[in-house]
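The next block holds one structure in the form of structure tokens; read it before the comments.
Any read-out appearing in this document is the output of simple, stated calculations on the displayed coordinates, not a laboratory observation. Computed from a predicted structure; not experimentally measured. Counting neighbours? That spans all protein chains shown, and the Cβs are built from the backbone with ideal geometry, glycine included.
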Amino acid sequence: MSGEVAGFGLRGDDCNARTACARTGSIAGWVYNRRMDQQLIIKFWRKSLADEAFLATIEEELKAVLGKTVELEGYDVSAKEINLFMLTADPRHSFRRAKDILEGKGIHNGMSAAFRLVGGAKFTSIWPLRSTRKFTLP
């Protein structure tokens, strides 16, 4: 099939992951073909963490699970919080997969998450659900 890459959907300027491809009518629904234009931030509240030992291994574990669907950008550590930054094309999907890892470590209750366009100022909160607290960075 012309335009397909090893089962990862169609590629081309007229195709994207949310709509049908104008060229073929097929759905191109794979994250691998989309530009990483969203920044996902997972915030860990330090007062709710029993310890911070998970930070030493979490990056490698997330890379193993998320693969090429995200680009890990690093951490921002302050007195009250630790923020983990990653670039992704689909922040909701990436967070759901990362959340499974964090739940396995027992730290999902002390975190929140949001995303924004790269370089943007407006955050869209995705965790906790129905959050009443506005997501901000220090």
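Model label sites at ASP76 and ALA50, defined 7 Å from Cα along the beta-carbon direction, differ in position by 2.9 nm.
The length gained on full extension between ASP37 and GLU60, counted as 0.36 nm times the residue separation minus their Cα-Cα distance, comes to 6.1 nm.
Spread over its residues, the convex hull of the C-alpha atoms of the stretch 80-137 is 95 Å³ per residue.
On full extension of the chain, what length is gained from LEU129 through LYS68, given 0.36 nm per residue of separation minus the C-alpha to C-alpha distance?
Working it through step by step, the gained length comes to 19.3 nm.
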